[in-house]
Amino acid sequence: MKNLLRSLLVLLVLASLAALGAAPLIAQTTLDDPQLDIGNPSTCPAPTVTPGGCPFIFGGTEVFAVPSTGVTIYNNGASSSATAEPILLIVGIPNPTASTTPPAGINVGAGTSGLTGLSGQLGGPSAWGGSWNALTGAVAGGPFTSGKVYSIIGLNGSSSEQIGTAQNWNNADQAVLGLTVKNWDLFVYSITFPSKESLNKGAYITISFTGGTLPVGTFVIASGCAPGNDVTMQCKGNALGTTPFTTSGLVTTGQTPEPASMLLVGSGLVAFGGMLRRRKAARA
């Protein structure tokens, strides 16, 4: 009888461990190959290199702080991984208004990549199955209140990049910056270089924004594909280059965007003040 009870106890313990192992953990991410990390060009351009990498700012294990003026894209994939052109830089701006626009352009530097002939632009031709305005870089349908960011654009990519109530992007903005986000606008920049070259494992490129900066609370991620793939098709499998939420960039310094409701309140107060001034002048 004791042996039977012991066997049943062992089975219960094993079943419990199996259940815990199968349960999803918040923000746990399977890293894609190659993994494209977003770093700070001034302090930690290769953000996941130890020692000397960027400190995590969300929960102690996720998200890197980046400035409003520029970022790096670091290939942290397997030893054989490489990313061809175009590489896509994606920014998600929180609480957009009708006048919200991203920086008008980017300057791309070789960093440690050895790449030549680098160029970048806001928008550009659609690639890797995604779709956006070729001139403005805007992803149609925004502002977005929920969804998986890569899927919204039409790309394959890490499913951990999500927006919406109680989702990763909104949670991080609230926890790190105290910013309550209602919705997001998404914009895409295209980075190109000679087709015979690639961004290899352990190398990074630098991106500096021109014609403006990113607002506080903006998320920055990247997308790409290994050499030899059709740029008009979605990238798949081990060829896919993507940024998991864990190594996303979050803009923590700069101008904080205001929700549209706050702008309306502000404009209403201005109008009310003007009315009072006119009444006072009329009485005088």
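The values are calculated or read from the model by the stated rules, or taken from the named source; none is laboratory data. On a predicted model such as this, the values are computed, not experimentally measured, just so you know. With ideal geometry, Cβ positions are generated from the backbone for all residues, glycine too; neighbour counts draw on all protein chains shown.
Specify the residue that is surrounded by the most Cβ atoms within 10 Å (Cβ to Cβ); the eligible residues are those in region 94-106 that are polar (S, T, N, Q) and farther than 20 Å from SER248 by Cα.
Initially, region 94-106 is screened for residues polar (S, T, N, Q), giving 95, 97, 99-101.
With the extra rule that they be farther than 20 Å from SER248 by Cα, the set shrinks to 97, 99-101.
Working: THR97: 15, SER99: 6, THR100: 17, THR101: 15.
The residue in question is THR100.
Just one residue in the set VAL139, VAL149, VAL71, VAL91 is closer than 18 Å to ALA46 by Cα and surrounded by 17 or more Cβ atoms within 10 Å (Cβ to Cβ); that residue is VAL71. In region 166-194, the residues that are within 17 Å of SER151 (Cβ to Cβ) form Cβ pairs under 9 Å with partners that are modelled with pLDDT of 95 or more and among the acidic types (Asp, Glu), at six or more places apart or across chains, as follows: ASN168/GLU62; ASN168/GLU161; TRP169/GLU161.
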